[in-house]
Amino acid sequence: MSASASLAMTHLVTLAELDEDKVTPGVLGFIVFAVMALAVWGLMRSMSRHMGKVDFKETPEAEASGVPAEPQKG
């Protein structure tokens, strides 16, 4: 393991302290939760933008009743 990776691991280990008497998510848990929340927010925003571009047309009554409709031109 390189020196920079070892240094990074020692910093992450200090964020996730282990105490036998109490169980808390700590700073590392909060950071992970915040990143996941931001990712979900970004995905929802992107999805709403893409859904706004969708042009949904309902099927005519003739197709719903089983009678084949004329093909659309264009």
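The values are calculated or read from the model by the stated rules, or taken from the named source; none is laboratory data. Just so we're clear, the structure is a prediction, and the values are computed from it rather than from any experiment. Surface areas here come from the heavy atoms of the whole protein model, side chains and all, with no ligands, DNA or RNA. Shrake-Rupley method; radii C 1.70, N 1.55, O 1.52, S 1.80 Å.
Laid out as a table, the results:
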| item | result |
| --- | --- |
| Out of 12, 18, sole residue that is open to solvent by 80 Å² or more (accessible area, probe 1.4 Å), assigned to a loop (DSSP other than H, G, I, E, B) and at pLDDT below 75 | 18 |
| Test: residue 56 is within 27 Å of the chain's Cα centre (by Cα), open to solvent by 90 Å² or more (accessible area, probe 1.4 Å) and modelled with pLDDT under 80 | yes |
| Candidates 34, 69, 5, 62, filtered to the one that is of a type outside the set (Asp, Glu), assigned to a helix (DSSP H, G or I) and modelled with pLDDT under 65 | 62 |
